[in-house]
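Taking it in order: structure first as structure tokens, then the write-up.
Read the figures in this text as sums done on the coordinates, not as results from a lab. In this text, all values refer to a predicted model and were calculated from it rather than measured experimentally. We place every Cβ from the backbone using ideal geometry, glycine too, and count neighbours over all the protein chains shown.
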Amino acid sequence: MTWIWSNLDLLWDRTLDHLVLSVPPILLSFLFAVPLGWLANRYRLSRGVILTASGLLYAIPSLPLFFVIPAVVGTSLRSPLNLIIALTLYGVALMVRVVADGLASVDKDVRQSAVAVGYSGWSIFWQVELPMAGPVLLAGLRVVAVSTVSLATVGAVIGAQSLGSLFTDGFQRGIQAEIIAGIVLTVALALLLDGALVLLGRILLPWTLLAAAGRRALRVARAAEVSA
Amino acid sequence: MNLFVDALNWILDPANYVGPGGIPVRLIEHLGFTLVAVSLAALIAVPIGFLIGHTGRGRGLAVAVSGGLRAIPTLGLLTLVALWVGIGLGAPYVALTILAIPPILAGAYSGFEVIDRAVIDSARSVGMSEAQIVRTVEVPLGLPLLIAGIRSATLQVVATATLAAYVADFGLGRFLFAGLKTRDYAEMLGGSLLVILLALTLEGIFTVVQRLVVPRGVAAGRPPVDRSRSARPGPGMDPAITKGTH
């Protein structure tokens, strides 16, 4: 405990480093995954190619990927950019599937009603499909957020500063408190970002709350019916 | 691209294939470690998962525990256990077995959960005992999802075993760390490519196995995929099974 109190500055700095590494990949993976997921959902051929590629990409272990990216892109091994690219790739790989499934889950009747009342393809996507897939996308993005925060720590073994540096430093110097502090902060940061996404979901997708309340009311009503 | 040529030369250099630190030995260490860690995790997770899936009890707890385990950064767990038990294989075994449990557990119970209740009720109504229902109905029908869970766990362990070379002298990860120390990029990249190749090979094998374990009747009776109808995300998409931290 004394170690933690006397190193609060260090913990704060590493937390900020970690945010810089993990927030951009979360946002970027969403931005890239939406068009790719749309494409995967739209055509049979692109579906096969995109989903297979993202599945294979996701199977690639992170540490080797950190070594491969500099050879492809020319970034320096230790630069945050290297990690941000790698984490974005994982995020996209995970999110593309979610977007494709989310768009596919939109009821066909709803889509046809939109066509019937005169929506163009473009506005159906933005005003009908994307919002209706919203809850699925949000669930996927939450998984991406938590896994990105956790994965970002791995960069520490190649010397990229993050909360993971507390693990490598604590291990080398034999300070248990430092490692535990790192684990707690990583989990806390993951929960914080997850919570932020849930909040964002409540603001952007207010009808999901209503739907949930509706289902609850229905359940209560049914239970009352059964017991009556 | 020159860097990749160097890395390939490193991979093909016969000098790297001899001795206790050669590629074959490291590869066997890596695979053996993965096999043991995943088997240990399966030994713990499969019975519990079947129990949860069959009785429908304890699911909330399992989800909470799995979710909590998943949020823990692998490197943190590895280094912490390594400080406790010392440098060597002990720490990676403990840490990676723990990490491999959630996906297998999720695969085991959700495999049971996706089975049509009517199927299980019919099995019961024709007089099958609970043990028979589990053995002849639930396990075969739930097998594809269980294999999906084991696949996810295996890939996760293969990936993390690379990282475990940070605290123990074993596996393909040694090439990454040795190269890092001596600033030998060909060795780092060559080692990385080997790990990636190993992971993709296992992924390929599991894809085939997963297809093979679908019971024949189920595969035959599966309705053709109708892309115009609203599809719902398949059970394989459950992030609890497919999502792993590398």
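Could you tell me whether any residue of the stretch B:5-19 is under 17 Å from the mean Cα position of the chain (by Cα) and surrounded by fewer than 21 Cβ atoms within 10 Å (Cβ to Cβ)?
Checked the stretch B:5-19: no residue is under 17 Å from the mean Cα position of the chain (by Cα) and surrounded by fewer than 21 Cβ atoms within 10 Å (Cβ to Cβ).
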Q: Collect the residues in the stretch A:129-142 that are more than 13 Å from chain B (Cβ to nearest Cβ) and either within 16 Å of the chain's Cα centre (by Cα) or not in a helix (DSSP H, G or I) (or both), keeping them in residue-number order.
A: A:Gly134
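If you take the residues in the stretch B:42-65 that are among the small types (Gly, Ala, Ser) and surrounded by fewer than 20 Cβ atoms within 10 Å (Cβ to Cβ), which one is farthest from the other protein chains (Cβ to nearest Cβ)?
So, considering only residues that are among the small types (Gly, Ala, Ser) and surrounded by fewer than 20 Cβ atoms within 10 Å (Cβ to Cβ), the one farthest from the other protein chains (Cβ to nearest Cβ) is B:Gly58.
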Q) What pairs come up if the first residue lies in the stretch A:124-153 and is surrounded by fewer than 19 Cβ atoms within 10 Å (Cβ to Cβ), the second is of a type outside the set (A, V, I, L, M, F, W, C), and their beta carbons are under 6 Å apart, counting only those six or more places apart or on different chains? A) A:Pro135/A:Thr208
Q. Just checking, how many residues over the stretch B:155-186 are at the interface with chain A (Cβ under 10 Å from one of its Cβ atoms), among the hydroxyl-bearing types (Ser, Thr, Tyr) and in a helix (DSSP H, G or I)?
A. 3
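Got at least one residue in the stretch A:27-41 being of a type in the set (S, T, N, Q), in contact (Cβ under 8 Å) with a residue 12 or more places away in the chain and more than 30 Å from A:Thr168 (Cβ to Cβ)?
There is at least one residue in the stretch A:27-41 that is of a type in the set (S, T, N, Q), in contact (Cβ under 8 Å) with a residue 12 or more places away in the chain and more than 30 Å from A:Thr168 (Cβ to Cβ).
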Q) When you look at B:Gly86, is it more than 26 Å from B:Phe170 (Cα to Cα) and either within 13 Å of another protein chain (Cβ to nearest Cβ) or touching a Gly at 6+ places or on another chain (Cβ under 7 Å) (or both), yes or no? A) no
Q. Quick one: A:Ser79 ticks every box in (1) in contact (Cβ under 8 Å) with a residue 24 or more places away in the chain; (2) crowded, with 16+ Cβ neighbours inside 10 Å bar one, so which box is it?
A. (2)
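Per-residue answers, yes or no, for (1) in contact with a Cys (Cβ under 7 Å, 6 or more places away or on another chain); (2) facing another protein chain (nearest Cβ under 9 Å); (3) closer than 30 Å to A:Pro70 by Cβ:
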{"position": "A:Leu94", "(1), (2), (3)": "no, yes, yes"}
{"position": "A:Gly102", "(1), (2), (3)": "no, yes, no"}
{"position": "A:Lys108", "(1), (2), (3)": "no, yes, no"}
{"position": "A:Ser120", "(1), (2), (3)": "no, no, no"}
{"position": "A:Ser123", "(1), (2), (3)": "no, no, no"}
{"position": "A:Gln127", "(1), (2), (3)": "no, no, no"}
{"position": "A:Ile158", "(1), (2), (3)": "no, yes, yes"}
